[in-house]
2 protein chains.
Amino acid sequence: MISEVKIFAPASVANVSCGFDVLGFCLDHVGDLIHVKMNEKPGVYIENIKGYDVPKNPLDNVACVAVDALLKSYSSKNGFSISIEKKIKPGSGIGSSAASSAGAVYAVNELLGRPFKREELLDFAMVGEALASGEYHADNLAPVLLGGFTLVRSINPIDIVSLPCPPELIATIIHPKIELKTIHSRAILKDDVSLKKAVLQLGNLGAFISALHTNDYDLMSRSLKDELIEPSRSILIPKFDEIKNGAINQGALGCGISGSGPSIFALSKGMLNAKKVGIAMAEPYKKLGLEYDLHISSINKKGIKIL
Amino acid sequence: MISEVKIFAPASVANVSCGFDVLGFCLDHVGDLIHVKMNEKPGVYIENIKGYDVPKNPLDNVACVAVDALLKSYSSKNGFSISIEKKIKPGSGIGSSAASSAGAVYAVNELLGRPFKREELLDFAMVGEALASGEYHADNLAPVLLGGFTLVRSINPIDIVSLPCPPELIATIIHPKIELKTIHSRAILKDDVSLKKAVLQLGNLGAFISALHTNDYDLMSRSLKDELIEPSRSILIPKFDEIKNGAINQGALGCGISGSGPSIFALSKGMLNAKKVGIAMAEPYKKLGLEYDLHISSINKKGIKIL
């Protein structure tokens with residue numbers, strides 16, 4: 001029986017303009033490294049945090065509360081110590097809490113001999129998301145655990161649809177180094193939306209999903225719209241309109257807020273386009289002197305992996 | 001040059017539970033017969049109406065106003081006389097006005113030597129729909145003109161996605177013989193909906209569209225839900241809950257309001273199931289002594305056809 005495991009828990013982009021709270025995709029290269037050891041001391045605790053700072057108190061740590069939820073469904077006389085090399089900045093909008101929550105439950109599930117399927121781990125990982133954002137949601141967790149593009153049809157009961165991943169799709173992500181907590185960018189949203197805008201969103205999401213199935217990049221481009229959330233949330237992100245226009249002008253298929261921001265994502269056809277788009281997206285922050293990270297990534301079709 | 005044409009303009013089911021105002025599919029067998037003659041007397045007029053009664057005054061007739069819209073984009077020195085054998089009852093919820101509007105513009109386009117593609121005819125046919133319901137919408141028109149399942153991504157500009165049609169899908173439609181005008185069943189809807197319910201609808205629509213692409217009947221079944229519109233509209237339809245429960249208990253994949261009602265549709269896997277579902281759906285109206293029509297139909301993949 002293995003007693004420790006190291007995994008890579010990738011970053012992810014949720015919402016993807018047309019799919020608020022339901023659509024997401026998984027990134028390559030960017031992600032947390034999580035090392036979990038099974039030992040004889042019961043309980044779940046943090047052994048070590050490197051990189052970006054996150055709480056070490058298990059009650060405040062998304063990875064610990066997620067693992068604790070798993071252990072309530074599958075009891076073990078063993079305990080688990082978690083070390084995280086936190087490479088995704090919390091509050092950056094690319095699924096920092098999802099990577100830690102999903103990664104930790106994935107690792108513990110491996111150490112326990114895999115009692116749960118990947119999709120079944122979502123219920124536990126969502127407890128981590130609820131701690132981070134105040135709400136249960138799986139739009140980052142699903143692509144992290146299952147890879148590729150995913151659609152959350154329902155979280156209660158959990159029902160995830162794995163979507164096809166067009167081969168030439170490349171993501172460009174810019175992360176301005178300001179922190180925007182999901183809990184705050186959720187607070188800006190109204191409880192109600194106009195039925196007219198909901199209908200527009202239905203049309204765009206439906207078209208985008210069909211386009212993923214048919215590799216129709218033009219239709220993807222026409223569908224990557226968000227009239228529901230972006231107009232109110234984008235005001236929290238410096239230079240959003242300018243960056244979006246820059247990306248579209250350089251040929252991006254679409255561009256919008258990544259998750260709850262402040263990261264901005266674009267999707268492009270091919271690596272060359274994605275790089276040009278990245279240069280355009282960085283320009284406004286360069287001028288402004290605002291620090292940023294820029295990621296250019298293919299879509300990660302596998303999700304979490306054991307190292 | 002041909003100077004007259006006869007066409008079959010099929011009935012259709014819009015909304016399909018999870019796709020309010022965007023999703024629709026086309027029926028076989030049920031539909032209007034439209035006969036259009038091109039002649040030297042300018043203008044558009046009704047020569048004859050058989051079957052269900054509709055206005056003969058061109059200004060009040062959806063077919064005439066739709067053709068008139070077409071002729072504003074493609075002028076002709078000729079005129080057109082329209083005869084309709086109206087087999088779809090107006091206000092029944094299976095696209096009566098859509099069949100007449102789309103059918104008439106389709107026929108006139110043929111007589112003019114086909115200056116417009118099928119999809120381009122939607123803009124003209126929508127003028128007929130606006131007369132009937134007070135709003136421009138294409139969720140019935142698109143399946144009538146293009147066949148199969150369609151998604152209306154946008155009506156301005158018009159952007160329709162033709163969706164795949166799983167081979168074993170069969171529709172059962174029950175039409176209680178009460179009239180419910182679209183304009184009235186629209187009036188019951190609120191301008192705003194809760195963001196939570198909109199998100200549920202996004203999840204269901206996205207999953208249903210993915211399921212059409214993958215022939216996943218179980219996922220279709222889980223996705224044929226409507227928390228947005230059905231709860232308020234279904235109170236206008238006698239025995240709705242009982243009929244829906246009957247359909248589901250007999251194995252229907254899903255059941256909901258057809259368009260704006262009062263017709264109720266169910267989708268089943270295979271003809272045998274669809275027939276059993278039909279018997280169950282008719283039961284409450286039989287007991288009540290309420291007259292009804294029952295249609296059992298495969299999905300019409302071609303849409304309008306020339307006879």
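The values are calculated or read from the model by the stated rules, or taken from the named source; none is laboratory data. Being a predicted model, the structure only gives us computed values, none of them experimental. All Cβ positions, even for glycine, are placed from backbone atoms using ideal geometry, and neighbour counts span all protein chains on display.
Observations
- Residue list for the range B:9-50, filter: touching a Pro at 6+ places or on another chain (Cβ under 8 Å) and hydroxyl-bearing (Ser, Thr, Tyr): B:SER12, B:TYR45
- Filtering the range A:236-254 for residues that are assigned to a strand (DSSP E or B) and modelled with pLDDT of 95 or more leaves a non-empty set.
- For the range A:180-210, taking the residues that are under 19 Å from the mean Cα position of the chain (by Cα) and hydroxyl-bearing (Ser, Thr, Tyr), the one that is farthest from B:LYS190 (Cα to Cα) is identified as A:THR182.
- Looking across the range B:69-81, just one residue is in contact with a helix residue (DSSP H, G or I) (Cβ under 7 Å, 6 or more places away or on another chain) and assigned to a strand (DSSP E or B), and that is B:PHE80.
- Among residues that are within 14 Å of another protein chain (Cβ to nearest Cβ) and either among the small types (Gly, Ala, Ser) or in contact (Cβ under 8 Å) with a residue 40 or more places away in the chain (or both), B:PHE149 is included.
- Filter result (facing chain B (nearest Cβ under 7 Å) and surrounded by 20 or more Cβ atoms within 10 Å (Cβ to Cβ)) within the range A:176-209: A:VAL193, A:ALA198, A:VAL199, A:GLN201, A:LEU202, A:GLY203, A:ASN204, A:LEU205, A:GLY206, A:ALA207, A:ILE209
Yes/no matrix, rows are residues, columns are (1) crowded, with 24+ Cβ neighbours inside 10 Å; (2) touching a Ser or Thr at 6+ places or on another chain (Cβ under 6 Å):
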position	(1), (2)
B:ASP241	no, no
B:ALA247	yes, no
B:ALA252	yes, yes
B:GLY259	yes, no
B:PHE265	yes, yes
B:SER268	yes, no
B:LEU272	no, no
B:TYR285	no, no
B:LEU294	no, no
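- Just one of the numbered conditions (1) assigned to a helix (DSSP H, G or I); (2) of a type in the set (A, V, I, L, M); (3) out of contact with any strand residue (DSSP E or B) (no Cβ under 7 Å at 6 or more places or on another chain) is not true of B:ILE178: (1).
Conditions tested, residue by residue: (1) of a type in the set (A, V, I, L, M, F, W, C); (2) farther than 25 Å from B:ASN300 by Cα; (3) modelled with pLDDT under 95.
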residue	(1), (2), (3)
B:MET38	yes, yes, no
B:SER73	no, yes, no
B:SER76	no, yes, yes
B:GLY95	no, no, no
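- Just one of (1) surrounded by fewer than 24 Cβ atoms within 10 Å (Cβ to Cβ); (2) more than 25 Å from A:LEU202 (Cβ to Cβ); (3) in contact (Cβ under 8 Å) with a residue 24 or more places away in the chain; (4) of a type outside the set (Lys, Arg) fails for A:PRO166. It is (2).
- All conditions but one from (1) under 30 Å from B:ALA171 (Cα atoms); (2) over 17 Å from the mean Cα position of the chain (by Cα) apply to B:GLY91; the one that does not is (2).
- Pick from the range A:205-252, criterion in contact with a helix residue (DSSP H, G or I) (Cβ under 9 Å, 6 or more places away or on another chain) and of a type in the set (Ser, Thr, Tyr), ranking: farthest from A:SER263 (Cα to Cα): A:THR214
- Scanning the range A:153-163 for residues that are among the hydrophobic types (A, V, I, L, M, F, W, C) and surrounded by 19 or more Cβ atoms within 10 Å (Cβ to Cβ) returns A:ILE155, A:ILE160, A:VAL161, A:LEU163.
- Any hit, the range B:102-125, residues being buried (at least 24 other Cβ atoms within 10 Å of the Cβ) and under 11 Å from the mean Cα position of the chain (by Cα): yes
- Residues in the range B:125-142 that are within 14 Å of chain A (Cβ to nearest Cβ), within 28 Å of B:PRO166 (Cβ to Cβ) and in contact (Cβ under 8 Å) with a residue 24 or more places away in the chain: B:HIS137, B:ASP139, B:ALA142.
- Any hit, the range A:93-107, residues being among the hydrophobic types (A, V, I, L, M, F, W, C), assigned by TED's automatic domain parsing to the domain that holds A:SER133 and farther than 22 Å from A:ASN140 by Cα: no
- Residue in the range B:155-171 that is among the β-branched types (Val, Ile, Thr) and more than 10 Å from chain A (Cβ to nearest Cβ) present: yes
- Of the residues making up the range B:210-224, those that are assigned to a loop (DSSP other than H, G, I, E, B) and at the interface with another protein chain (Cβ under 9 Å from one of its Cβ atoms) number 1.
- Matching residues in the range A:5-26 - criterion: being within 12 Å of the chain's Cα centre (by Cα) and either assigned to a loop (DSSP other than H, G, I, E, B) or within 11 Å of chain B (Cβ to nearest Cβ) (or both): A:ASN15, A:VAL16, A:ASP21, A:VAL22, A:LEU23
- Close contacts from the range A:223-234, counting a first residue that is free of Cβ contacts under 8 Å to residues at least 60 places away in the same chain and over 15 Å from A:PHE265 (Cα atoms) and a second that is buried (at least 19 other Cβ atoms within 10 Å of the Cβ) and of a type outside the set (Gly, Ala, Ser), with Cβ to Cβ under 8 Å and a gap of 6+ residues or different chains, come to A:GLU227/A:LEU200; A:GLU227/A:GLN201.
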